[in-house]
Amino acid sequence: MIKREKVKNLLAATTFGKEVIVMGWVKTFRNNQFIALNDGSCMANLQVVVDFEQTPDEILKKITTGAALKITGKLIESLGKGQTVEVKASSVEILGESDAEKFPLQPKKHSLEFLREIAHLRFRTNTFNAVFKIRHHLAFAIHQFFHDRGFVYLHTPIITASDAEGAGEMFKVTTLDFDKTPRTEAGEVNFKEDFFGRSANLTVSGQLEGELGAMALGEIYTFGPTFRAENSNTTRHLAEFWMIEPEVAFADIEDNMNLAEDLLKYVIKHALDNCKDELEFLKNRLLEEEKNKPQAERSELNLLEKLNFCLDNNFERLTYTEAIEILKRSKPNQKKQFNYIIDEWGADLQSEHERYLVEKHFKKPVILTNYPADIKSFYMRQNEEEINGKKTVAAMDILFPGIGEIVGGSQREERLDKLTQRMQELGIPQDELYWYLDTRRFGSAPHAGFGLGFERLVLFVTGMTNIRDVIPFPRFPKNVEF
C-alpha cells in the first residue's frame, strides 16, 4: 500500500520513478495542466502535471484555487524552470471543492489588514505559513532551553483572585446572572454567591504563583496565556497573550540578567538554524515593503542581519539613572521631538525612549537596571542606595530594536518587613496575599525572575510590525472573532 508523502519530503527527493500519493490544496492551476500544490509542510509548492486529455472535464473544472486534492502519480525529475521535481499525475481526486468566485484568497498579494479580517483563512498564505512555523519553533526552543537547564515547567492558574501587577485591568470571571446580580446591604455585588465565593479574574501573570514553586523546586518556568483588559488599540497590545516567566531561587539581579540574555540568544539561534526558508521569505517580504518608504525610515539591517546582530553582541547593561542622562542630552529630547520629553529623574520610560537607546545610541540590545521604586511593582527588591532621596529597586528591562521592552523582571523582595511595608504603602491587602507572604516567613531566600512576552519575541524574530499578526486568533478591544 502506498503511503501519503509530504510535499516537503518529495521536494527533497533525489531518486525518481516511484509511485506516490500526495494531498494538499491548490495554490494555482495554469494552462489546464500545471497544479501548484501545497500541504503546509513547507513554504514551497509541488508542481503536479495533469494530462488534461485523459482527465474528465468535471474534474478539471473543480481544480480551483483553495480546493483540496488527492494526487496519485509518478515522481519524476522536472525539466521545467523553478523546480527540480514534479509529480506526473495518473489520477486526481477532489477531496474538497472551493468556489473560485467566493474564495477570498486569490493568487495575488493581499494586505495584512485584509488578512486580519479573514484570520481563519490567513494560515494558507505564505506569510502566515512562515510566521506560525517560526512561532512553533520559538515555543519549542523555549521549552528545550529550560528543560536542558533542569527547570520545572509549572502550570500556574488562569483563573485567580490576585492582581500580580496591581494594575487592576483584569477580566472578571463570574457565573452571576447580570440581570439579577446579588447585592450586599451596601449595594455592592455579593461575590459570596458567585461560583468561587469571591471575586475572580483571568490572570495577568503567573509570577506570584511561580515564586511559590521556585521556593521549593529551585528553578521553575511558566509558559501560558495571560490577559489584560487594557482598552488599547495599538500594534503592540493584545487582550490575550502568552508569557514565559522563569523564577529562580538563590539568584540575584545579575543571575537574572544572564539567564534572560542566554534565553533570548538561544531561541533566536534556534530560529536561524531551523527556519531558514521561512526567515528568508520574510526577509525578502520586508525588503520589498521597505522600498515604498523614504530612505530615512528604512531599516539599517535586514531581518537576518538584525537577528545575527543580537547573537554577535553582548547586551549593553546600564542603570536607569545613566539612561536618563543619555536621554536628557539626546538630540530628539533637546529638540523636543520626543512625544514625552525627559526632564527629570523618575520619569517612566516610553517606547520611543527605549528604542532610541537601542537603535540610535548603543545600536545593540540594552538591559536597564535599578529603576525608581515608584514606577515599579511592589514585589521588587529595594536597593540600599537611594537616588535623589528616592528608593530604587533591583529591576531589569531588556530593550530590543523595533520592539522596545521585550523582557521585564527583577530580583524579588525576600525580606518580609520590607515587602509588607511596601504593600502597606501601596494599599495592597496583606491578608489576601497571606500565601505569598508565607514564602518570606518560612525559609525565605534571595530569588529572581522575569517575564518574556512571547508575541513580542515572535514579532521581533519574524520582522512583522503588528502584534495581531503573530498570534493565530488575536483578541483586542471590540474583537473576539473565531
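The values are calculated or read from the model by the stated rules, or taken from the named source; none is laboratory data. Quantities reported herein were computed from a predicted structural model and do not represent experimental measurements. Cβ sites come from the backbone with ideal geometry, for glycine too, and all protein chains shown count toward neighbours. Note: areas computed on protein heavy atoms with side chains; ligands, DNA, RNA excluded. Shrake-Rupley method; radii C 1.70, N 1.55, O 1.52, S 1.80 Å.
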Quiz item: So what is the accessible area of the chain per residue, in Å², with the probe set to 1.4 Å?
Solution: 51
Quiz item: Check T226: other-chain or 5+ apart residues with amide H under 5 Å from its amide H, H built from backbone geometry?
Solution: F241, W242, M243
Practice problem: Describe numerically, in nm with one decimal, the distance between label points set 7 Å from Cα along Cα→Cβ at N302 and at Q106. | Solution: 3.1
Quiz item: At a Förster radius of 35 Å, what calculated FRET efficiency corresponds to the Cβ-Cβ distance of F140 and Q83, to the nearest 0.05?
Solution: 0.75
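Using a 10 Å cut-off on Cβ atoms, rank the peptides 144-156, 6-18 from the highest mean neighbour count down.
With the highest mean Cβ count within 10 Å placed first, the list reads 144-156, 6-18.
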Quiz item: Out of the stretch 29-128, which trypsin sites (Lys or Arg not before Pro) are coil in DSSP terms and have no more than 16 other C-beta atoms within 10 Å?
Solution: K61, K81, K102, K108, K109
Quiz item: So how many Lys-Lys pairs in the stretch 37-126 land under 25 Å Cα to Cα, not counting same-chain pairs under 8 apart?
Solution: 19
Quiz prompt | Magnitude of the charge dipole, the stretch 282-391, Cβ model with Lys/Arg +1 and Asp/Glu -1, debye to 20 | solution = 320
Quiz item: So what's the net charge close to A100: Lys and Arg +1, Asp and Glu -1, counting the other residues with Cβ under 14 Å from its Cβ?
Solution: +3
Quiz item: For the stretch 267-410, with the dipole built from +1 on Lys and Arg beta-carbon atoms and -1 on Asp and Glu ones, taken about the Cα centre, which of I406, L318, Q334 lies farthest toward the positive end?
Solution: Q334
Quiz prompt | Per-bin percent of Cα-Cα distances, the chain [20 Å] | solution = 20, 46, 27, 8, 0
Quiz item: For the chain, what is the mean residue ellipticity at 222 nm derived from helices alone (per DSSP H run of n ≥ 4: -39500 (n - 2.57); sum divided by total residues; nearest 500 deg cm²/dmol)?
Solution: -9000 deg cm²/dmol
Exercise. On the protein heavy atoms, probe 1.4 angstrom, tell me the percent of accessible surface of the chain carried by carbon and sulfur.
Key: 49
Quiz item: Under 24 Å from the Cα of K478, which lysines turn up, not counting those fewer than eight places away in the same chain?
Solution: K172
Quiz item: the chain: longest stretch without exposed GluC sites (Glu not before Pro) (DSSP loop, at most 14 other Cβ within 10 Å), sites themselves excluded?
Solution: 189-299
Quiz item: Extension gain E316-E188, at 0.36 nm per residue separation less the Cα-Cα distance, in nm?
Solution: 41.0 nm
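For the stretch 114-240, just say rounded, prolate or oblate: build the C-alpha gyration tensor, square-root its eigenvalues into a ≥ b ≥ c, call rounded for a/c under 1.5, and beyond that prolate if a/b exceeds b/c, oblate if not. Walk me through the numbers before you get to the answer.
Values: a/c = 2.90, a/b = 1.33, b/c = 2.18.
Verdict is oblate for the stretch 114-240.
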